[in-house]
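The values are calculated or read from the model by the stated rules, or taken from the named source; none is laboratory data. What you are looking at is a predicted structure, and each value in this text was computed from that prediction instead of being measured. Because the Cβ atoms are built from the backbone with ideal geometry, glycine has one as well, and the counts that use them run over all protein chains shown.
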Amino acid sequence: MNKSVAHFQPVLLGSDFNVYGMARSFHEAYQIKSISLCSIQLAPIKYSKIIDVHILPNLDQENQFTQLLTSFYKKNCTNNCTYLLIPGGDAYAKLLSKFQDELKEMYHFSTIPFATYEKLENKATFYEVCQQFNIPYPTTVEITKNQLSSYQESIQHLPFSFPVVLKPSDSISYLPLQFEEKKKAYIIEDSDTLLHIIQKIYHAGYKESILIQDFIPGSDANMRVLNAYVDQEHQVRMMFLGNPILEDPSPANIGNYVAILPDFQPAIFENIQRLLTSINYTGFANFDLKFDHRDQQFKLFEINLRQGRSSFFVTLNGYNLAKYLVDDLILKVPFQQTELGEGNKLWLGAPRQVILRYLSDNSLKTRVKQYISHHQYGTTSFYKKDISIRHFLLQCYTFFRYRIKFRKNFKRKID
């Protein structure tokens with residue numbers, strides 16, 4: 001290991017797929033083993049040899065978060081080691097932003113002021129930010145529980161036609177709810193179904209607003225995903241764009257990508273860089289967009305205030321995510337210029353056979369076959385240097401279960 005970075009320790013909050021991708025990025029760049037602090041251990045990091053797992057029950061609870069992180073630091077930190085704290089999921093990213101003042105004397109991390117976090121996390125207020133900086137986004141109607149009775153009378157007067165997209169404005173408070181017909185987001189074809197789903201969501205205990213959006217027609221191949229890193233001086237150090245060509249079809253995971261091709265769109269880079277610098281952003285950011293052929297614009301759906309779940313595709317294409325964080329926070333490498341990533345590798349989150357079977361676009365199938373035939377592809381899950389038979393077999397089970405998921409849930413998107 002390079003002596004200049006031997007004194008830092010990555011501490012990853014969570015145990016999901018994103019956490020494994022970051023641990024792998026650190027291991028590839030610095031041959032360093034990460035620590036995972038999590039309330040429960042999920043399959044992506046189980047039995048891994050590149051992660052030391054510490055289960056801290058209730059770590060994801062607001063009243064325990066700082067106490068548990070403080071206790072861990074005091075028990076484990078040595079004078080010659082810097083602890084680099086990186087959240088994996090939305091809940092941990094939010095907690096880190098909220099309690100950054102209590103933790104900044106112990107850990108190094110990159111986050112934004114909590115007031116900014118709340119504005120960007122909520123999709124309704126995020127769209128207000130987009131409007132302020134002239135960033136295209138889908139036409140959206142916001143409703144609250146108190147407006148539901150009056151909304152029933154005006155449901156026929158939406159400013160767009162069916163089908164529509166329905167989703168919660170606050171994904172963190174929505175996630176733990178349990179109810180029949182629950183999905184991460186809905187594509188709805190008629191007003192009766194729309195009202196039915198809204199009532200189900202509120203009856204399940206959801207308290208925030210719900211968004212109804214103009215549905216942008218077209219398949220998953222019209223989606224784009226962008227990961228960026230912004231340093232402590234609010235300089236955008238890196239942006240990398242991907243073209244997701246297929247999504248997980250299961251209700252709880254709609255919007256999770258299972259195949260991403262590298263892409264390069266100067267107009268998207270320009271808009272995102274302008275947005276990030278205008279709001280004095282800091283840290284990782286992940287954006288989902290979709291191309292609307294009706295007005296020839298890429299429209300922004302949301303920002304994730306962390307690296308994305310499938311963001312290892314950035315590292316796979318030669319732009320190691322861990323390196324940008326370490327250069328900024330540990331090595332204090334001065335900013336020189338924004339790197340606009342140009343990649344040449346296909347990222348797979350599901351078996352090749354699944355991708356080729358369920359892709360409807362023949363030109364995309366041809367491109368995927370070319371990447372595969374030239375061995376220009378990779379995954380997050382399967383890392384040759386993570387030598388563990390149990391980890392490998394568990395990832396095989398998870399990976400190949402996508403065959404069942406697609407058989408059970410897949411249907412063509414509306415064009």
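Brief remarks on what is shown
- Residues in the stretch 181-220 that are in contact (Cβ under 8 Å) with a residue 40 or more places away in the chain and part of a helix (DSSP H, G or I) were compared, and the one that is nearest to the chain's Cα centre (by Cα) is Asp220.
- Where Arg294 falls short, out of the listed (1) buried (at least 18 other Cβ atoms within 10 Å of the Cβ); (2) touching a Pro at 6+ places or on another chain (Cβ under 9 Å): (1)
- Candidates Leu289, Leu275 - the one that is assigned to a strand (DSSP E or B) and not hydroxyl-bearing (Ser, Thr, Tyr): Leu289
- Unmet criterion (only one of (1) out of contact with any Ser or Thr (no Cβ under 9 Å at 6 or more places or on another chain); (2) among the hydroxyl-bearing types (Ser, Thr, Tyr); (3) in a helix (DSSP H, G or I); (4) buried (at least 20 other Cβ atoms within 10 Å of the Cβ)) for Thr315: (1)
- The helices (runs of 4 or more DSSP H) found wholly in the stretch 1-112 and carrying at least 2 residues that are crowded, with 20+ Cβ neighbours inside 10 Å occupy 17-30, 65-76, 90-98.
- Screening Val164 against (1) surrounded by fewer than 15 Cβ atoms within 10 Å (Cβ to Cβ); (2) among the aliphatic types (A, V, I, L, M); (3) modelled with pLDDT of 95 or more leaves a single unmet condition, (1).
- Qualifying residue in the stretch 364-373 (condition: at pLDDT 95 or above, in contact with a Leu (Cβ under 6 Å, 6 or more places away or on another chain) and within 26 Å of Thr82 (Cβ to Cβ)): no
- Subset of the stretch 312-332 (residues that are among the aliphatic types (A, V, I, L, M) and either touching a Lys or Arg at 6+ places or on another chain (Cβ under 8 Å) or within 16 Å of Leu348 (Cα to Cα) (or both)): Val314, Leu316
- Any hit, the stretch 273-285, residues being β-branched (Val, Ile, Thr) and at pLDDT below 95: no
- Annotation note: of Lys323, Lys332, Lys345, the sole residue that is closer than 24 Å to Gly88 by Cα, free of Cβ contacts under 8 Å to residues at least 24 places away in the same chain and either surrounded by 17 or more Cβ atoms within 10 Å (Cβ to Cβ) or more than 20 Å from the chain's Cα centre (by Cα) (or both) is Lys332.
- Only a single criterion out of (1) free of Cβ contacts under 8 Å to residues at least 12 places away in the same chain; (2) touching a helix residue (DSSP H, G or I) at 6+ places or on another chain (Cβ under 6 Å) is not satisfied by Ser169, namely (1).
- The criterion of being hydrophobic (A, V, I, L, M, F, W, C), over 25 Å from the mean Cα position of the chain (by Cα) and surrounded by 13 or more Cβ atoms within 10 Å (Cβ to Cβ) does not hold for Val354.
Matching residues to (1) part of a helix (DSSP H, G or I); (2) within 30 Å of Pro163 (Cβ to Cβ):
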| site | (1), (2) |
| --- | --- |
| Asp328 | yes, no |
| Leu331 | no, no |
| Val354 | yes, yes |
| Arg367 | yes, yes |
| Gln370 | yes, no |
| Arg390 | yes, no |
| Leu394 | yes, no |
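- Test: residue in the stretch 250-270 that is touching a helix residue (DSSP H, G or I) at 6+ places or on another chain (Cβ under 7 Å), part of a loop (DSSP other than H, G, I, E, B) and at negative phi: yes
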